[in-house]
1. If you roll a 1.4 angstrom probe over the protein chains with everything in place, what fraction of the accessible area of the chain belongs to carbon and sulfur, to the nearest %?
2. If I take every Cα pair under 8 Å that is 6 or more residues apart in the chain, average their sequence separation and divide by the length, what percent do I get for the relative contact order?
3. Taking the Cα atoms only, what angle lies between the long axis of helix 48-66 and the longest principal axis of the chain, rounded to 10 degrees?
4. Expressed as an acute angle from 0 to 90° and rounded to the nearest 10, what is the orientation of the C-alpha long axis of helix 74-90 relative to the principal long axis of the chain?
5. Find the accessible area per residue for the range 48-93; the probe is 1.4 Å, ligands and nucleic acids are left out, and the unit is Å².
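The values are calculated or read from the model by the stated rules, or taken from the named source; none is laboratory data. Fair warning: this is a prediction, and the values are worked out from it, not measured in the lab. Note: accessible area is taken over every heavy atom of the protein model, side chains too, but ligands, DNA and RNA are not part of it. Shrake-Rupley method; radii C 1.70, N 1.55, O 1.52, S 1.80 Å.
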Amino acid sequence: MTWRESEKSYRKGHGAPPFDATVEATLTAQGDQTNLVIEVQGRPLDRIAFYGAGWQIHAENLGAYLAGQEHGDTEARWVELVPPYQNLAASIS
């Protein structure tokens, strides 16, 4: 799937300048479980830490939903995840 970050989001100050991103999701059976791999291309590198943290939170919330559990505090998880993702992003050249 391909989507475009909107000019509207950018103007509101909640996004990056418009860009196209390609998302590929692959589901693979592994025994009685299913592995989900999401590959995203086209994100601006200066925002990659924030997108990484966001995708991880969405995946964790999906896992909680599928397990019949409530998801955790998204804001607290965001604060916890962004710094490690920023450290990883700093190593990208």
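1. Details: 3800 of 7060 Å².
Carbon with sulfur: 54 percent of the solvent-accessible area.
2. Working: 94 pairs, mean separation 17.9, N = 93.
For the chain, the relative contact order is 19 percent.
3. Between helix and principal axis, roughly 30 degrees.
4. The angle comes out at about 60 degrees.
5. Values: 3300 Å² over 46 residues.
I get 72 Å² per residue for the range 48-93.
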